[in-house]
Each structure stands twice: as structure tokens, then as C-alpha cells.
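Comments concern the structure below.
The values are calculated or read from the model by the stated rules, or taken from the named source; none is laboratory data. Given the structure is predicted, the values throughout are model-derived calculations rather than measurements. Positions of Cβ are generated from backbone atoms using ideal geometry, with glycine treated the same way; all protein chains shown enter the neighbour counts.
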Amino acid sequence: MESKKELRKLISMRKKQVPVEERRRRSVPVMERLMGLPRFRRAQNILFYWAMQDEVSTQDAVISCAAAGKNVFLPVVDGEMLRIRRFSGRAALVPGESYSIPEPVEGSEEVRISDIDLVVVPGVAFDMEGGRMGRGKGFYDRLLGEVRGDGAGPYKVGVCFDFQVVDAVPREPHDMLMDAVVCETRTEIIRNDNRVCSVFGIRYPIVAGGMVWCSGWRLASAVSAAGGLGLLGAGSMKPELLREHIAKCRAATDRPFGVNVPLMSPYATELMETVLAEKVPVVFTSAGNPKTWTARLKDAGVKVAHVVSSSKFAVKCAEAGVDAVVAEGFEAGGHNGREETATMVLVPQVREAISLPLLAAGGIVSGAGMAAAFALGAEGVQVGTRFALCRESSASEEFKRLCLGLKEGDTMLSLKKLSPTRLIKNDFYAQVQEAEDRGASKEELTELLGRGRARLGIFDGDLSAGELEIGQGVSLIEDLPSAADIVRSMMDGYRRAVAGMQVL
Ligand SMILES: Cc1cc2nc3c(=O)[nH]c(=O)nc-3n(C[C@H](O)[C@H](O)[C@H](O)COP(=O)(O)O)c2cc1C
């Protein structure tokens, strides 16, 4: 990590390469990102934390905030006191001209920091973990810090140009940590009010669902490191292997991650014992009764979510005491509900039935899909198919390549007499269909399925004889990005979708 002195030099060098006029132009997207933050939209009283008096783009920002109907306040240093005065009109600042901290203008009012909903904080350098390097001796930082106490208090958004972003800013005890940072090309929310984020201790409410033969430690740790919640798919693991993946996941990231235990696994009990012994912070259970394990897990301090395909089961989850519920619609990859209820129909009914934090799953592969799920009442998403097709997924290259070429209608719900599973139409699928069409018994189907077919198809890449599980959303996917890119583009797409939604 560079020292503060080195960082100051580095940023000053970078800044010199960007003329003032260009900085003004480049501050427009920064402001757009700031104004797009939900916290900004809700805030009424906004304090501009003045650290860049000579920065004309900051002036422009003050003016645009006032024009957006906010009460804008500016700090005024008065001896040892920091007073906050209301910016009461265009007259006080002239766009495009540099200025010093304005004297309170006639008619301005004083407010307490506790009245401030949001503080806009410029600075010299920022990192995307909320670290900020300021100017001076942290006078405002200390003042705000004292008022802030336990970390509550006004929400702090760092605003900067891309050239001010560095890998890591050295931390000092009095430094304020930002709750969000916006720059020209990125919005990074470090603290938000989302219940899914609070329950699991994550930055973005995006969970990479546990997936047999896809979600090992590489995928889970990459998603968690990117701010989502990565789950290890224990459905294709024996306890020993799960222990190994937990250790590797821990070594790869210090962020929270979880394990998905399908309760129909023949090793469910041993897998749970492993999870408890290893003190994994989060468990997502599926394919079984939420009452079986929830109390034991919760007693051990584990956060628990359960996957359901109906509102009836969502109520059972609430009775079992889970922390969150995943409502998974019939578009989803993997095993599916018998009633074939689609995500669009399921999520609002589950929302109605329970008040717990709710994640939607099934058919969500983009930020727009995430926004649709939120419109229906979800507060988070569990995503499978999109993460099955990324660099860190342990699915075979053959499987991934096949998936990239799939179109609408290339997956179907199959094996309905056993456990309904969404499959790619291949030779194995055709065999199952033929057997089902002539009314084959459960026993015959079980024999046809045999053992290890999902591994054969997904992991070993036998595209003809394998059981190829993937969701309907596969037809929307054309690339194999990294897991971090998926998390980032989902969040960006989500924000764009919400901001661009037509208001009637
Ligand atoms: C290849 C694959 C394997 C899956 N395996 C499991 C599993 O072992 N346990 C489970 O609860 N869900 C499993 N799922 C479902 C996912 O966790 C997730 O809920 C689902 O994929 C969400 O829908 P989507 O595929 O449309 O994103 C699997 C999904 C896929 C695509």
C-alpha cells in the first residue's frame, strides 16, 4: 500500500493531466450516479462536505442538487466550530468560477448534523471499500465521527473522478469510512438498507445459488469477494470434499459465503455436521422440509435460508424460523416445483404470504431481471444459470459452450414423476421423454436415470448421455465473463433498469 504522501503525489500528477474544463464535463456522470442512489433520492437535507473548494465541478454539483429540490447545506468553519448553513440559492455560487467557502447568505438557517440525511464527501483519493483520504487534519472527520457515534447518523457518499480511485487508502482511526463511493464509471454501495444484505452481511443482494457440479470454492469465493453471496453446492459433494472446499473458500476470501445443502442428498446429515463443525456462517437448504435443520443451525448462530416453490412452503419456512426465503419459479435450472409456478406469479404471492426477507430465483440473468423481481416484492435474487456460465464455474467447457448456443425452448421440465428437473434437450432427455410418454413407472425412470448422470453431463462434458441441467434464462446468455463481472453488470443493469423505467 502506498503512503499518504505517495498517494497525494500520484493523484496530483493524474489530476494535472485533466484540464479544468474536462473535469467539469466528467463530473456530470459522477453527479448522475450520485443522484441515482436510492439514499440520495430519499434524502431531503444534504450536506456538502467541503474539501475541494477550488474544484468547480463541486460547485456545479451543489447547484444541481439544489435544483433537484434538495435542501443543500455547506459547512462553515468558525474557529473551533463547524457550522452548517443552508445554501439558499444560485446567487451564492457562480457556476464555472472558483470560490472560497461562502459566508452564510441572508436568510440562511443553521442545522444540526443530526438533521442531515446524507453527506456528499469529496476527497483526494478513494478506494472502493469506503476508504477516503482527505485534506487537512481530519477536522470534519472527527466532528462528524463524534456525532455519528456507533456508525449510525448521516449516510456518507464519496464522490470522485476515476483518476482519484486507488487500490487502498491507508486508514487512520479518525478517518471516516464512506457508505458509498461514486466515480465516473462506477457506483460502489458499501452500506445499504437492504434486508438481504444485512442478514448475510454482504454488499449486494445477489446470491449465486448452490449448483451441483458448478459451484465449488472458485465460484463461491469469487462471488463473495465481489460483494454478493457465493454458495458452495454441497449437493454434489461428500462431507470430506465439502470440508476441503470450505477451507479453500476461506483462504480465497474473508467475505461471508455459504453452503447449499439439498436435504434430499444421501449425505445431508453428514454435510450439515460438517457445516456446523466448520462454522460456516450461512446455509441455504433446499429440496426438503425447512423444519428439519433450521433450529439446530440457528442455535449455532448460522443464518438460514430455504428455497421454496410455493407460498404454502414459504409459510412453513417462516414457522421453522428461517432468516430468509428463496422463491424459485419454474424457469429455474436444476430441480423444480411440481406445480410449475413461474417466478412472475410466485414471487408476489410469497411476498403476500410472509414478511421475511425474500429472494427471487428462476429466470433472472440480468440487472433488468433483478429489477423486475424487486418490482414484485423481492429484496434479493438467487441466480443459478448465469453463474453456471462464467469462468469460475466448474462445469466443463463442453457444457458451457453448448449452453452459449441455446435458444428459447431448448430446455424443458423433465423427470416429472421423480423430481421435476429442467434439462437441455439431448439424447438422454429424448430417452426420458419417450419413457414418460409411454407411461413408464417410477422404478423404470429411476433405472434409466441411473447414478451420476448430472456429473457425466455437466462436469465430464458428455453432452449426449449426460443429464444437462440449466435454466430457461440460458437463451439470454452469450458470454462467459468472470463472476465479479456478472455481479458488477447485474448491479449496473439493475440501476439502469430502475432509473430508465417508464413512469406512467
Ligand atoms: C446446473 C444447476 C445445478 C443446480 N443445482 C442445485 C442444487 O444442487 N441445489 C439447489 O438448491 N439448487 C440447485 N440449482 C438451482 C439454483 O440454485 C438456483 O436456484 C436456480 O438456478 C435459479 O434459477 P436460474 O437458473 O434461472 O438462475 C441448480 C441450478 C443449475 C443451473
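Assuming Glu443 fulfils every condition listed in (1) at negative phi; (2) surrounded by fewer than 17 Cβ atoms within 10 Å (Cβ to Cβ); (3) part of a loop (DSSP other than H, G, I, E, B) apart from one, which condition is it? Result: Glu443 passes all but (3). Do the conditions hold for Asp254, that is, is it without any contact (Cβ under 8 Å) to a residue 12 or more places away in the chain and of a type outside the set (Lys, Arg)? The answer is yes for Asp254. Pairing each residue of the range 290-301 that is in the same structural domain as Leu263 (by TED's automatic domain parsing) with any residue that is small (Gly, Ala, Ser) and in a loop (DSSP other than H, G, I, E, B), provided the two are 6+ apart or on different chains, yields C-beta distances under 8 Å for Thr294/Gly321; Ala295/Gly321; Lys298/Gly321. Across the range 376-423, the number of residues qualifying as of a type in the set (A, V, I, L, M, F, W, C) and closer than 30 Å to Arg351 by Cβ comes to 12.
Would you pick out the residues in the range 486-502 that are in a helix (DSSP H, G or I) and loosely packed, with under 14 Cβ neighbours inside 10 Å? Result: Ala499, Gly500. Looking at the range 169-282, the strands (runs of 3 or more DSSP E) lying wholly inside it that each contain 1 or more residues that are assigned by TED's automatic domain parsing to the domain that holds Glu22 and acidic (Asp, Glu) sit at 187-189.
Within the group Ala388, Ala327, Ala332, which residue is crowded, with 24+ Cβ neighbours inside 10 Å, free of Cβ contacts under 8 Å to residues at least 60 places away in the same chain and within 11 Å of the ligand (Cβ to nearest atom)? When all the criteria are applied, what remains is Ala327. Candidates in the range 310-338 are the residues that are in a loop (DSSP other than H, G, I, E, B), modelled with pLDDT of 95 or more and out of contact with any helix residue (DSSP H, G or I) (no Cβ under 7 Å at 6 or more places or on another chain); of these, the one that is nearest to Ile424 (Cα to Cα) is Ala332.
For the criterion of being within 16 Å of the ligand (Cβ to nearest atom), within 18 Å of Leu402 (Cα to Cα) and not assigned by TED's automatic domain parsing to the domain that holds Arg386, Arg451 fails. Among the numbered conditions (1) more than 21 Å from Gly450 (Cα to Cα); (2) touching a helix residue (DSSP H, G or I) at 6+ places or on another chain (Cβ under 6 Å); (3) more than 10 Å from the ligand (Cβ to nearest atom), the only one that Val345 does not meet is (2).
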